[in-house]
Amino acid sequence: KAGVTQTPRYLIKTRGQQVTLSCSPISGHRSVSWYQQTPGQGLQFLFEYFSETQRNKGNFPGRFSGRQFSNSRSEMNVSTLELGDSALYLCASSVSGLRNSPLHFGNGTRLTVT
Amino acid sequence: AQTVTQSQPEMSVQEAETVTLSCTYDTSENNYYLFWYKQPPSRQMILVIRQEAYKQQNATENRFSVNFQKAAKSFSLKISDSQLGDTAMYFCAFMKHEERGDMRFGAGTRLTVKP
């Protein structure tokens with residue numbers, strides 16, 4: 001079974017631009033979560049989607065948004081990029097998103113904002 | 001709010017020896033799950049082991065085992081017979097009983113296995 005696939009692997013953007021990251025979950029997984037990983041803040045939860053609905057959201061500004069499609073694939077969008085948005089963005093999928101369904105992570109998208 | 005603390009930023013161990021990584025957490029919840037993930041240079045977070053708080057028996061997965069002390073809110077990871085491939089960042093994580101996707105991670109411990 002294929003793992004969680006994130007594209008692209010690397011991305012370089014300029015301040016003020018917007019960016020869209022993509023995540024394809026493991027087949028059969030309906031929950032997709034997004035995390036931001038930085039050296040200073042560590043791993044921080046962005047949001048979780050299940051059956052095309054956002055069920056949970058972390059403490060990030062509205063510039064960070066996401067969506068999930070009917071095939072469970074998910075996209076994350078960051079508008080008006082800031083230097084501080086430079087990070088590794090990790091997507092994780094699980095069967096249900098609940099505690100008895102572990103998260104399976106992708107390799108991440110490394111975003112650099114200049 | 002739940003917080004997870006890993007007090008050892010870096011550790012090293014000789015190949016074939018045993019090492020223990022520490023993790024403490026703070027929560028007022030009674031039902032929750034604890035996890036250890038490893039992140040090698042490939043960047044992918046890989047689940048190592050998980051523990052359900054209501055189970056008193058410590059979880060074991062091959063060379064990996066945990067020492068779960070619920071009253072002390074401690075969840076350490078023991079790696080036996082360390083292998084070079086165990087070199088990675090190790091993250092301790094906490095998830096509330098009915099939380100959806102929101103896993104709280106510690107800052108991580110960088111483990112180096114030396115030949």
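The values are calculated or read from the model by the stated rules, or taken from the named source; none is laboratory data. In this text, all values refer to a predicted model and were calculated from it rather than measured experimentally. As a convention, Cβ positions derive from the backbone with ideal geometry for all residues, glycine included, and neighbour counts pool all protein chains shown. Ligands, DNA and RNA are stripped out before the accessible areas are found, and what is left, the full protein with its side chains, is counted by its heavy atoms. Shrake-Rupley method; radii C 1.70, N 1.55, O 1.52, S 1.80 Å.
Along the stretch B:49-59, what does the Karplus equation 6.51 cos²θ - 1.76 cosθ + 1.60 (θ = phi - 60°) give for ³J(HN,Hα), rounded to whole Hz, x for Gly and Pro?
Residue by residue, the stretch B:49-59 yields 6, 9, 9, 8, 4, 7, 9, 7, 6, 6, 6 Hz.
Of all DSSP beta bridges in chain B, what percent run antiparallel (nearest 5)?
Details: 34 of 39 bridges.
Of the beta bridges lying entirely in chain B, close to 85 percent run antiparallel.
In the neighborhood of B:Gln8, defined by Cβ-to-Cβ distances under 14 Å, what is the net charge if each Lys or Arg adds +1 and each Asp or Glu adds -1? Can you show the working numbers first?
Working: positive: B:Lys78, B:Arg110; negative: B:Glu10.
Surrounding charge for B:Gln8 is +1.
Volume per residue, Å³, of the convex hull around the alpha-carbon atoms of chain B? Can you show the working numbers first?
Details: hull volume 10.9 nm³, N = 115.
Once divided by residue count, the hull of chain B is 95 Å³.
Semi-axes of the equivalent ellipsoid for the stretch A:59-114, please: Cα gyration tensor eigenvalues, times 5, square-rooted, ordered largest first, whole Å.
24, 13, 11
Tell me the trypsin sites (Lys or Arg not before Pro) within the stretch B:35-102 that lie in a loop according to DSSP and have at most 14 other beta-carbon atoms within 10 Å. Intermediate results must be reported in sequence, preceding the final value.
Numbers: sites: B:Lys38, B:Arg43, B:Arg50, B:Lys55, B:Arg63, B:Lys70, B:Lys73, B:Lys78, B:Lys96, B:Arg100; in loops: B:Arg43, B:Lys55, B:Arg63, B:Lys70, B:Lys73, B:Arg100.
The qualifying sites are B:Lys55, B:Arg63.
Any of A:Lys1/B:Lys78; A:Lys13/B:Lys96; B:Lys38/B:Lys73 with alpha carbons more than 31 Å apart? Name them for me.
On the way: A:Lys1/B:Lys78 29 Å; A:Lys13/B:Lys96 36 Å; B:Lys38/B:Lys73 21 Å.
In this structure, A:Lys13/B:Lys96 lie more than 31 Å apart at Cα.
Please report the relative contact order for chain A, taking Cα pairs under 8 Å with a sequence separation of at least 6, and give it as a percent rounded to a whole number.
On the way: 301 pairs, mean separation 41.8, N = 114.
Once normalised by length, the contact order is 37 percent.
Quick one: which residues, 5+ away or cross-chain, put their amide H under 5 Å from the amide H of B:Met11? H built at 1.01 Å from N.
Those lying under 5 Å, H to H, from B:Met11 are B:Arg110, B:Leu111, B:Thr112.
Name the residue farthest towards the positive end of the dipole of the protein assembly as shown from the options B:Asn58, B:Gln44, B:Ser80, assuming +1 on Cβ of Lys and Arg, -1 on Cβ of Asp and Glu, about the Cα centre.
Of the candidates, B:Gln44 comes out farthest on the positive side.
Which whole-number percent is the relative contact order of the stretch B:20-115 (Cα, under 8 Å, 6+ apart)?
Working: 188 pairs, mean separation 29.6, N = 96.
Across the stretch B:20-115, relative contact order equals 31 percent.
Extending each Cα 7 Å along its Cβ direction at A:Leu11 and B:Gln2, get the distance between those two points in nm, one decimal.
Using points 7 Å along Cα→Cβ, the separation is 2.8 nm.
Quick one: accessible area per residue over the stretch A:21-114, 1.4 Å probe, rounded to a whole number of Å²?
Working: 3610 Å² over 94 residues.
Spelled out: the 1.4 Å probe surface of the stretch A:21-114, per residue, equals 38 Å².
Based on the Cβ-Cβ distance of A:Asn59 and B:Thr20, what FRET efficiency does E = 1/(1 + (r/R0)^6) give at R0 = 35 Å, to the nearest 0.05?
Details: r = 32 Å, r/R0 = 0.93.
Approximately 0.60, to the nearest 0.05.
Students often get this wrong: which residues of the stretch A:22-43 have the backbone nitrogen under 12 Å from the point 7 angstrom along Cα-to-C-beta of B:Arg110?
A:39
Please report, to one decimal in angstroms, the Kirkwood hydrodynamic radius of the protein assembly as shown built from all distinct Cα-Cα pairs. Could you put the intermediate results ahead of the total?
Values: mean 1/r = 0.0554 Å⁻¹.
Hydrodynamic radius (Kirkwood, Cα only) of the protein assembly as shown equals 18.1 Å.
Please give the net charge around A:Asn107, taking every other residue with its beta carbon less than 11 angstrom from that of A:Asn107, where Lys and Arg add +1 and Asp and Glu add -1.
+3
Taking the stretch B:1-93, which chymotrypsin sites (Phe, Trp or Tyr not before Pro) meet the DSSP loop condition and have no more than 14 other C-beta atoms within 10 Å? Spell out each step's value before the answer.
Values: sites: B:Tyr25, B:Tyr32, B:Tyr33, B:Phe35, B:Trp36, B:Tyr37, B:Tyr54, B:Phe64, B:Phe68, B:Phe75, B:Tyr90, B:Phe91; in loops: B:Tyr54.
Counting only loop positions with at most 14 other Cβ atoms within 10 Å, the chymotrypsin sites (Phe, Trp or Tyr not before Pro) in the stretch B:1-93 are B:Tyr54.
Kindly work out what percent of the DSSP beta bridges joining two residues of the protein assembly as shown are antiparallel, to the nearest 5. Please list the in-between numbers first.
On the way: 71 of 80 bridges.
About 90 percent, rounded to the nearest 5.
Name the residues whose placed amide hydrogens come within less than 5 Å of the amide hydrogen of A:Thr5, ignoring near sequence neighbours (fewer than 5 apart) on the same chain.
Close amide H contacts, sequence-distant or interchain: A:Ser24.
Mind jotting down the distance between the C-alpha centroids of the stretch B:1-26 and the stretch B:43-115, whole Å?
9
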